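Trainee: I have a structure I would like to understand better, so I am pasting it below and will then ask my questions one at a time.
The values are calculated or read from the model by the stated rules, or taken from the named source; none is laboratory data. The shown structure was predicted, so the numbers you read here are calculated from the model rather than taken from an experiment. So basically every Cβ, Gly included, is an ideal-geometry build from the backbone, and we count neighbours across all protein chains shown.
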Protein chains: 2
Amino acid sequence: MTTLVIGANGKIGRILMERGTKAGLELRAMVRDPAQRERFEAMGAPVVVADLLDDLDEAFAGVEQVVFTAGSGPHTGLDGTLLVDLHGAVRSIDRAKDRGIRHYVMVSAMRAGDPLGGPEKLRPYLAAKDAADRILRASGVPYTILRPGRLTDDEGSGKVRTSRGDPAAGNTIPRADVALALLALLEGDATGRTIDLLSGGTPIREALA
Amino acid sequence: MTTLVIGANGKIGRILMERGTKAGLELRAMVRDPAQRERFEAMGAPVVVADLLDDLDEAFAGVEQVVFTAGSGPHTGLDGTLLVDLHGAVRSIDRAKDRGIRHYVMVSAMRAGDPLGGPEKLRPYLAAKDAADRILRASGVPYTILRPGRLTDDEGSGKVRTSRGDPAAGNTIPRADVALALLALLEGDATGRTIDLLSGGTPIREALA
């Protein structure tokens, strides 16, 4: 079963590709720049060079699952937010629907469900993520929407919580733990869920079961 | 039957309010700034002061139809595009759904159905309008999506076409004709349509029948 990883060359994407390929999953890295091929070929992973805003036929050929972890992030230009995080996501959801994908896992963001509750500077970004999440939910494609807290490059602990709950517990999560959560979701069968993800005390698989 | 006009103080909104109120429609002007009340009260139209990004309960009380003609337009900052054109629209759609509104008329934009087919500078704006239109369509709220061409302040001719067709016919439309089209849609019963609107040779009511 082939999983297309959109945004494989991002920070979460790279960890996901490495851990997942080692674990025996068939993860196809989608990258924009041919120069990014090498990293993934060295892992033994299949690679497709494609642009979210261009032809996606080759990228989606034979694919059964999708992870969307592309995006300009909250700190880049809003033209990228609109074209990549929003419209690129929408295009990939359309394609997933056409192809009858069995599971689309969206990396969203904490508070995307309430953009105006977020810090003022992040609100436009959260509005874009909210819209992409809504369009995915309404698409008919089986989905999981994962909403990590503030991402860090800390080492993963393998332990998380899935509700904001106690604010004293912080609102961050290492990218490595997000990548492990994505693997657990890809290996599982559950769909139709929207899940906050923050560092916590429960092993990832148990927290997502 | 009360129709809430979101964006009443915009260029299309003002013409719609004036023509519609004269024609005997109960149009409630939603404005952000209390100083904008006077214009509409002078027309004899009810006014509600409300912000799309704040509490909308009073604005939607007793409303049966909605026109969304708010928005920062394609030439303002993309934070406004994301917060008003997109997220403001989404919030009003949520409210329309909660209240069981019988018709939501969205003023969208030509090419919102194909953002990457538009001029490069407009693509982020078109991506936002596309997302809002998709969220409206999937909401379950009876809708019309009206997609005018490039707006002008020319006098209205009362005549339009509803497909781009012959490019020699131009891709503009006076705001006054968009306002007349909105009135025709509010007075009609048809929903579930997405309609391009450009200057042409067919009387508005006939073209939208």
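Trainee: Take the residues in segment A:136-172 that are assigned to a helix (DSSP H, G or I) and surrounded by fewer than 22 Cβ atoms within 10 Å (Cβ to Cβ), then tell me which one is farthest from the chain's Cα centre (by Cα).
Mentor: Among those residues, the one meeting the criterion is A:ALA168.
Trainee: Residues of segment A:4-25 being free of Cβ contacts under 8 Å to residues at least 60 places away in the same chain and either surrounded by fewer than 16 Cβ atoms within 10 Å (Cβ to Cβ) or farther than 19 Å from A:PHE60 by Cα (or both), which ones?
Mentor: A:ARG14, A:GLU18, A:LYS22, A:GLY24
Trainee: Moving on. Of all residues in segment B:124-157, how many are touching a residue at least 12 places away in the same chain (Cβ under 8 Å), within 10 Å of chain A (Cβ to nearest Cβ) and small (Gly, Ala, Ser)?
Mentor: 6
Trainee: So the check is Cβ under 7 Å with 6+ separation or different chains; which pairs have a first residue in segment B:90-116 that's closer than 24 Å to B:LEU208 by Cβ and within 12 Å of chain A (Cβ to nearest Cβ) and a second one that's in a loop (DSSP other than H, G, I, E, B) and polar (S, T, N, Q)?
Mentor: These pairs meet every condition: B:ILE93/B:SER139.
Trainee: May I pose another question? Among the residues of segment A:93-120 satisfying the criterion of being part of a helix (DSSP H, G or I) and among the small types (Gly, Ala, Ser), which is surrounded by the fewest Cβ atoms within 10 Å (Cβ to Cβ)?
Mentor: Selected residue: A:GLY117.
Trainee: List the number of the failed condition for B:PHE68; all other conditions in (1) surrounded by fewer than 23 Cβ atoms within 10 Å (Cβ to Cβ); (2) more than 14 Å from chain A (Cβ to nearest Cβ) hold.
Mentor: Condition (1) is where B:PHE68 drops out.
Trainee: Is it the case, given these coordinates, that A:ALA42 is surrounded by fewer than 20 Cβ atoms within 10 Å (Cβ to Cβ) and not charged (D, E, K, R)?
Mentor: For A:ALA42, the condition - surrounded by fewer than 20 Cβ atoms within 10 Å (Cβ to Cβ) and not charged (D, E, K, R) - is met.
Trainee: Does B:ARG123 satisfy the criteria of being assigned to a helix (DSSP H, G or I), out of contact with any helix residue (DSSP H, G or I) (no Cβ under 8 Å at 6 or more places or on another chain), closer than 19 Å to A:TYR125 by Cα and among the basic types (Lys, Arg)?
Mentor: Considered against the rule, which asks whether it is assigned to a helix (DSSP H, G or I), out of contact with any helix residue (DSSP H, G or I) (no Cβ under 8 Å at 6 or more places or on another chain), closer than 19 Å to A:TYR125 by Cα and among the basic types (Lys, Arg), B:ARG123 comes out as no.
Trainee: Now, a different point. If A:LYS121 satisfies all but one of (1) more than 10 Å from chain B (Cβ to nearest Cβ); (2) at pLDDT below 95, what's the number of the condition it fails?
Mentor: Here A:LYS121 meets the rest and fails (1).
Trainee: Shifting gears a bit: Being closer than 21 Å to A:ALA128 by Cβ and at pLDDT 95 or above: is that true of B:ASP57 here?
Mentor: no
Trainee: When residues of segment A:67-96 are filtered for being among the polar types (S, T, N, Q) and closer than 22 Å to A:THR3 by Cβ, how many remain?
Mentor: 2
Trainee: Determine if segment B:168-187 includes at least one residue that is closer than 22 Å to B:VAL63 by Cβ, within 14 Å of chain A (Cβ to nearest Cβ), at pLDDT 95 or above and out of contact with any helix residue (DSSP H, G or I) (no Cβ under 6 Å at 6 or more places or on another chain).
Mentor: Within segment B:168-187, none of the residues are closer than 22 Å to B:VAL63 by Cβ, within 14 Å of chain A (Cβ to nearest Cβ), at pLDDT 95 or above and out of contact with any helix residue (DSSP H, G or I) (no Cβ under 6 Å at 6 or more places or on another chain).
Trainee: A further question follows. Out of A:ALA179, A:ALA190, I need the residue that is part of a loop (DSSP other than H, G, I, E, B) and either farther than 13 Å from A:LEU208 by Cα or of a type in the set (A, V, I, L, M, F, W, C) (or both). Which one?
Mentor: A:ALA190
Trainee: Quick one: count up the residues across segment B:158-182 that are more than 23 Å from B:LEU27 (Cβ to Cβ) and touching a residue at least 12 places away in the same chain (Cβ under 8 Å).
Mentor: Result for segment B:158-182: 9.
Trainee: Do you know which residues across segment B:26-39 are buried (at least 21 other Cβ atoms within 10 Å of the Cβ) and among the small types (Gly, Ala, Ser)?
Mentor: Result: B:ALA29, single match.
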